[in-house]
Each structure stands twice: as structure tokens, then as C-alpha cells.
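As C-alpha cells, the structure follows; a few thoughts come after it.
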Amino acid sequence: MISRRDLLRASLGGLAAAGAAGAGERPNFIFILADDMGWGDLPSYGHRSQRAYGGWTVRGELQMPNLDRMAQRGVRFTQYYVAQPVCSASRCGLMTGQFPNRLGIHDYLASHELNVERGMPDALDPATPTITSLLRNAGYATAHFGKWHLSPERGAGPKPASYGIGSYDSCVQGPGGRVRSSEVIADRTIEFIERHKSEPFYINAWLYDPHSPLHPTEEMMAPYAHLAPGWGSHKGALQVYYSVLTDFDKHVGRILNKLDQLGLTENTVVVFSSDNGPENGIIPFTSHYGEASSSGPFRGLKRSLYEGGIRLPFLVQWPGKIPQGKVDQSTIFGGVDFLPTLCRLTGVSPPAALDGEDLSAALMGTPTARRRPLLWEWREPVYGSVLNNAPRLAIRDGNWKLLMNPDRSRVELYDIPRDPSEVNNRASSEPKVVRRLSSRLLAWQKTLPQGPIHPEAGRNDYPWPKDF
């Protein structure tokens, strides 16, 4: 009889189980992470233009040929969830394999005063095992280029090296550094690949784009001149936003081309995703791209626990090892699953206390049912339309997703595969499911570190007109 261990070895294309892989067999990894890019911002995830009856173009054709190439070379996951709908906390889940709320990081890290106000630490505890610390201890060359946002980059506090990062560069120094940041991140990534091409390496290439503020050059905007408003001298939101997406796609292509040139493509796992859903154009410093960003078919944006805030593209390429052009519609893959999955692929023993699980079989092309649910808590407001203002807690278990407030108000239950836009609340017709999931969710919430809750968190009331 063939053992499960032997089957697992085969499914990983010859990679040995934990602890047995030789250095020459271990794959390289590059994780390219966009910032505030939504599901509907990728052509391979359904972005499309339309022609209106009046003859004008709605949305326009977005050009991202290199991420299209990644989709053709690998697997697209359609049920990938980040650990939190905002940057620092989402990144914490990726790096640690733990729900960030459990580590006290439920929002973005900012100044000491603001962190204290929200009951948060100033940094991820460097004693917490991370992907980079585990892989560096296992002999990998490790690097992080671009946005970090898990500890202070200036002043007191742990630096990236404290988390097992061998080479670090924020890539935004000097005048105009932000607009060229994707180019510089690609430059540093390529330089690192060339220096370490003969040994296993792991690279975070974490972009600042398309997070605001966006200041694309005239050259960057030129391909989208036809999307100008048609009157006045101001630029159109689509011109601004699409030019930034197309520019960083170009630099993703440079990284992929370098792997091809060095003969490293078939031994390098390249992942692309985003840290959370798209920003809301109602916020003053993002209004210059307005509604150009898109959460696709989903309700919710950044900060929301509805699908649009936490469900993002997840592209993985590893030619010769995983299927090409495959779409995995069924695996529920969480950001917290990234660390244990990499541990399996590299033969590194994972830490004991993890919320994520090994989904390497799904990465290799076999859709996999997860064993444990994904859980979220959000303690801050959600800005903009009340339709995006989700309850404070959420759990995804199998086909079901339950959202609710801790006081049991706003109980919402959705069959996500059948209702991805979360418009048909099944709570009243499925009381047993509600009891089961709410019990699990509230029990988990009680284990989290206590802290301040914004008075508007979990609310979706609207100031209706009243008689004087």
C-alpha cells in the first residue's frame, strides 16, 4: 500500500517531507505584494471595459500583461483571504501564520501615540517566528524590499533584521522616491537574485503601489490618454490609477524575465497578491483616483469584513511543478496559511502555535478542504457607503460565512459560493448554522487581547431625515 507520506512526496514534485529536503532541491520564493489593490483591478480576475450607449468608454482596457503571464503559467485562487482588511495586520498574518488580532495587531501600525490610543504595540514582537527568520535559520538568503510596516523604520524599536531579514531596503529614499518605488523594488530584487542565484533565497518584494498618494509621470500616463475626461485640464481617475498599475506590472515583468534569463524560473515559486481590498475614494488623500479601483463582484472595500475588503487575487507560478493556467475555485486559502505551506515546501519545521495550515497540495494543483475556519475581528469604522459597513466579527467555515457584532446584533449568514456578493442573508433560515458558527466566533473573540473599540465599529446606521 502507498503511504500518505509517499503520496505527499509525489504531489510536491519530488520535494521531501519536513526536514529531509536537500539544499539543492529547495525552491526559491518571491512574494510580490501590492498595496490596496482590489480583486477587480486585475484583468485575469475579471476586470473589463464596457462601451456605453452614448459611445463613451466605461472603465477602459487595463494593460497588465506580466500578471496575465503569471496567470497563464500557474494557478489562480479565487477564495484567497487576507488576515485583516488593512495593511500592517494583513502583513502580520502572512509573516507569522497567526491571526494578527491574537498578537495585538488589529490595525495599521503608526505613531506611538496612535498605537497606544488603539491598544496596539509599536511593532510585531521579534520573538514571534516569521517566514524570514525560519528560512534564514534553514540556510536561505532572505530579503525584504519595499513597504514593511511591521516595526518602526526610524527611531527606537526592532528593525527588519530582527525578523530574519538579511537584506532590507525601503526603496523610497530621495525626492520623487515614491513614484519610482516599484522600479527601485524591482531593481533591488533583481540585484539580490543575481547575487544569490546559486543558493536558495526568499524575497518579499512588497510594493507601495497602488496605495495613495499617486503621482504618476506624464510618461506613465501616456498609454491611457484616451481615458482623459474630455473637458478641462485635469487628469481622469482612470488615467492616474491605471498608469500606476501598468507601471508596476512592467517591473513585475522585469523580475520574471530575470528568472528566465538565469534559468531559475522552474526552481522559483513566485506569488502575487494584495494586502487588502481597494481604498475608498471618499477619503481626501485618495480622491484623485476615486472609483477607478475595484473590488470586483464583492461588497466591501478596505477596512470592511465583507468580501471586497478581505478576498483578494492570489497568483502562484512554478513552471514544471504546478499546473499552468489552472483556476482553483474551491480551496479556501488564507494569508495565515502561507507560512505553514512554505514550511512544507522547504522542509522546515513549522512553529507549534499557528492559526494557518499547510495547503501545499492546493498549491501543487489539488484543491484542498481546510480543517479550521478563518476568523476576523475589526475594531475600527468603515468609511463610505453603509453597504460596506460590515459587523465587527466574521468567520468563514466551509461554504458559510457568518458576520456579527459581539453583542449578537447584525447577525448575517451567507452561502459564499452561491452568494459571493453577500446580499441574501440566510441567518433566519439556518439557525443551527448560526448557533454553531457564532459560538465558535464569540469564543475566539474572548481570547483576544482586550483594547479600545471605536464607537462606530460594526455600525451601519445612517442619519435619516427627522422632523424638527
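For the residues Q84, Q79, the requirement of being of a type outside the set (S, T, Y), in contact with a Cys (Cβ under 9 Å, 6 or more places away or on another chain) and within 30 Å of P351 (Cβ to Cβ) singles out Q84.
Kindly evaluate L238 against the criterion of being in contact with a helix residue (DSSP H, G or I) (Cβ under 8 Å, 6 or more places away or on another chain), surrounded by fewer than 22 Cβ atoms within 10 Å (Cβ to Cβ) and over 21 Å from D275 (Cβ atoms). So L238 fails the test.
Taking segment 78-107 as the range and being among the hydroxyl-bearing types (S, T, Y) and surrounded by fewer than 21 Cβ atoms within 10 Å (Cβ to Cβ) as the test, only T78 passes.
Residue-wise test of (1) within 26 Å of the chain's Cα centre (by Cα); (2) modelled with pLDDT under 95; (3) of a type in the set (V, I, T); (4) not assigned by TED's automatic domain parsing to the domain that holds C343.
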position	(1), (2), (3), (4)
A10	no, yes, no, no
G22	no, yes, no, no
F31	yes, no, no, no
D36	yes, no, no, no
W39	yes, no, no, no
L42	yes, no, no, no
S49	yes, yes, no, no
L67	yes, no, no, no
V75	yes, no, yes, no
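Every listed requirement among (1) among the small types (G, A, S); (2) surrounded by fewer than 22 Cβ atoms within 10 Å (Cβ to Cβ); (3) at pLDDT 95 or above; (4) closer than 22 Å to R180 by Cα is met by S243 save one, (2). Within segment 139-163, residues that are free of Cβ contacts under 8 Å to residues at least 12 places away in the same chain sit with their Cβ atoms under 8 Å from residues that are part of a loop (DSSP other than H, G, I, E, B), at 6+ positions apart or across chains, in these pairs: K159/S151; K159/E153.
Within segment 105-124, the set of residues being in a loop (DSSP other than H, G, I, E, B), more than 21 Å from P373 (Cβ to Cβ) and in contact (Cβ under 8 Å) with a residue 24 or more places away in the chain comprises D107, Y108, L109, R118, G119, M120, D122, A123, L124. Can you pull out every residue in segment 246-298 that is hydroxyl-bearing (S, T, Y) and under 16 Å from P27 (Cβ atoms)? Correct list: T265, T268.
Matching residues to (1) crowded, with 17+ Cβ neighbours inside 10 Å; (2) without any contact (Cβ under 8 Å) to a residue 24 or more places away in the chain; (3) under 26 Å from S330 (Cα atoms):
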residue: R379; (1), (2), (3): yes, no, no
residue: L393; (1), (2), (3): yes, no, yes
residue: R410; (1), (2), (3): yes, no, no
residue: D415; (1), (2), (3): no, yes, yes
residue: D419; (1), (2), (3): no, yes, yes
residue: K432; (1), (2), (3): no, yes, yes
residue: R440; (1), (2), (3): no, no, yes
residue: W444; (1), (2), (3): yes, no, yes
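Filter segment 77-92 down to the residues that are in a strand (DSSP E or B) and under 9 Å from the mean Cα position of the chain (by Cα) and list them by number.
Selection gives Y80, Y81.
Can you pull out the residues in segment 346-362 that are in contact with an Asp or Glu (Cβ under 9 Å, 6 or more places away or on another chain) and within 16 Å of K321 (Cβ to Cβ)? Scanning segment 346-362 gives G347, L359, A362.
From the list L437, L387, L403, L413, which residue is out of contact with any strand residue (DSSP E or B) (no Cβ under 8 Å at 6 or more places or on another chain) and aliphatic (A, V, I, L, M)? Result: L387 is the single residue among L437, L387, L403, L413 that is out of contact with any strand residue (DSSP E or B) (no Cβ under 8 Å at 6 or more places or on another chain) and aliphatic (A, V, I, L, M).
Run down I190, I185 and say which single residue is in contact with a Lys or Arg (Cβ under 6 Å, 6 or more places away or on another chain), in a helix (DSSP H, G or I) and closer than 27 Å to T268 by Cβ. Only one candidate passes the filter, namely I190.
Closer than 26 Å to L103 by Cα and either of a type in the set (D, E) or touching a strand residue (DSSP E or B) at 6+ places or on another chain (Cβ under 7 Å) (or both) - does that describe any residue in segment 281-303? Within segment 281-303, none of the residues are closer than 26 Å to L103 by Cα and either of a type in the set (D, E) or touching a strand residue (DSSP E or B) at 6+ places or on another chain (Cβ under 7 Å) (or both).
Given the conditions (1) outside any loop (DSSP other than H, G, I, E, B); (2) without any contact (Cβ under 8 Å) to a residue 60 or more places away in the chain, and given that H215 satisfies all but one, which numbered condition is not satisfied? H215 satisfies all of (1) outside any loop (DSSP other than H, G, I, E, B); (2) without any contact (Cβ under 8 Å) to a residue 60 or more places away in the chain except (1).
Selection of segment 157-182 for residues being assigned to a loop (DSSP other than H, G, I, E, B) and on the phi < 0 side of the Ramachandran plot yields P158, K159, I165, G166, S170, V172, Q173, P175, G177, R178, V179, R180.
All of P160, P200 fail the test of being farther than 22 Å from S90 by Cβ, modelled with pLDDT of 95 or more and crowded, with 21+ Cβ neighbours inside 10 Å, apart from P200. Screening H226 with (1) over 21 Å from the mean Cα position of the chain (by Cα); (2) modelled with pLDDT of 95 or more gives one miss only, at (2). Please determine whether any residue of segment 59-77 is surrounded by fewer than 21 Cβ atoms within 10 Å (Cβ to Cβ), without any contact (Cβ under 8 Å) to a residue 24 or more places away in the chain and either touching a helix residue (DSSP H, G or I) at 6+ places or on another chain (Cβ under 8 Å) or not hydroxyl-bearing (S, T, Y) (or both). Yes, the conditions are met somewhere in segment 59-77. All conditions in (1) touching a His at 6+ places or on another chain (Cβ under 6 Å); (2) buried (at least 18 other Cβ atoms within 10 Å of the Cβ); (3) over 24 Å from L256 (Cβ atoms) hold for S182, with the sole exception of (3).
The values are calculated or read from the model by the stated rules, or taken from the named source; none is laboratory data. From a predicted model like this one, the values you see are computed outputs, not experimental measurements. Glycine also receives a Cβ, built like all others from the backbone with ideal geometry; neighbour counts cover every protein chain displayed.
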